[in-house]
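Notes to accompany the following structure.
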Amino acid sequence: MSPKRQVDDLRSPTSTSSKRSRGKERFYQSGLEPYEAREAFEARFGKLVDFPTSVYKFFSPEEPQAAGPLPETARDERVREALLQLVSQAVVPFRSIICTGTCEEPLRLFFAFLLAAFRHDSIVISAEGLDSDDEEERDVEDDPEETEETPRDGSARPRGPVKLVVIKADRETPRETALSEGLRNGLEAGCVAVGAIEVKANVVFNINIWQALGEGIELARWNHKNKVSVPVRIILTDTRMWYFFSLAVKDSNARPFNGRVFKLQKRDCDEEAAKLQKRDCNKEAARPDKEEDKEEAEEFYLFDCIKRYADVLDPDGCGLYITEAMYLFYTALFPDEDISQLPTRIQQGGAKAKEDADAWVRKALESLRAKVAEAKAAIAQAERRRRMAAEKKAAKAEEKAAKAEEKAAKAEEKAAEARRLRMALAAELAQLKEQLAGATKS
């Protein structure tokens, strides 16, 4: 049995089966050319129609999916200062204690610091995605060609980019479900997918966009399944370049969005897919008359596309660039909030954080004191038992000594009686001797 490896099959209600997704591992491979990354995406999700073909067209202000200019609140001095205060709470500890290295994983810690600084009770962050790898593991075990040996040098296998999925819970039950049972169960309980943060050590947009797009499509499908007209905001970043875009499923019964409409055509095992899948393109996947292959193409909205450069971890980074990127980042997570109230919320959040921390300390101290009291009670109980056992043992010893003394007294009494009898017998014997001597003389 091979060790578990991270898989990218998010298994939404409308996603294709894992047996038909052999191209997904290519998302994780380094060194892919842009056209190879797109082919890998289409081999899994379907052929893209009316989708931007380059980073320029993706973010061009002339394209329908382009975001408008930043609003006046983004230039508000108080808002900018508040955003810098939030970022500083993540940047300073991160740069002080974390070795960044050349991989994505340390940057996850930065975003953990950053999201914790926001102190917002409505969102839940998941680092596990929607992966359900138990079934995938069985698929891998069933297919010997999918089994990988552990590298001899001990290095890790290729993994997908670090992703943080953001969901929102306006009620306590879905929130608790997500926190205790995972992201998928949280969504099923009523949480709403807000977006995902895809983190790379060095972003190459034409390659890394496809993993981020796939994540966004799966989350958008979940919102559509749950009949929630909320777009999914995707953030692709290496903490220097920041790419933002929004996705939503196009449905005549749902809220429309202004932007580009693109399609995902269901794929058959045609020549293009065969190039990727080769012999893995089995007969079942190649059958053209299956019902799922006859489904109409899915339509999605693509909108609010915008990019910014802001090296937030550079000690000499430009404050203007950082505040613009953080404005987009914050509003992506909390689109319904009035960011002009951010300075007030920071103060309230600080007070709330102190209150929560004090409550946590009080609870921990109560638990500690209860354990100490319990330990002291146990020690006192043990001492009482020891003392009672010692007293019982001493009482038994005293009782035994008393019995011994009583026995000795009785023995002494018997000895005295014996001496008295001996003396009486001796006196009687002497008297008899005198009588016998007198009789002899007579």
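No value in this document is a laboratory result; all are computed from the given coordinates. Fair warning: this is a prediction, and the values are worked out from it, not measured in the lab. FYI the Cβ positions are ideal-geometry reconstructions off the backbone, even for glycines, and counts take in every protein chain you see.
Tabulated data
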| quantity | calculated |
| --- | --- |
| Long-range amide H partners of K250 with built H, under 5 Å | E299, F300, Y301 |
| Separation of the R95 and R385 label points, Cα + 7 Å toward Cβ, nm | 5.9 nm |
| Equivalent ellipsoid dimensions for segment 351-442 as semi-axes, Å, which come from the Cα gyration tensor, largest first | 87, 5, 4 |
| Quarter of Cα convex hull surface for segment 382-430, i.e. mean projection, nm² | 2.7 nm² |
| Label-point gap, in nm, between C103 and V55 - each point 7 angstrom along Cα→Cβ | 2.5 nm |
| Under Karplus coefficients 6.51, -1.76 and 1.60, residue-wise ³J(HN,Hα) of segment 170-177 in Hz, glycine/proline x | 7, 10, 5, 4, x, 4, 5, 4 |
| Fully extended contour minus Cα-Cα distance, from D251 to T173, at 0.36 nm per residue | 25.2 nm |
| Full-extension gain in nm, T344 to A439, via 0.36 nm per residue minus C-alpha separation | 20.3 nm |
| Farthest positive-ward along segment 196-245 dipole, Cα basis, beta-carbon charges - from V228, M241, L213 | V228 |
| Cα→Cβ-extended label distance, 7 Å offset, between A116 and E299, nm | 4.5 nm |
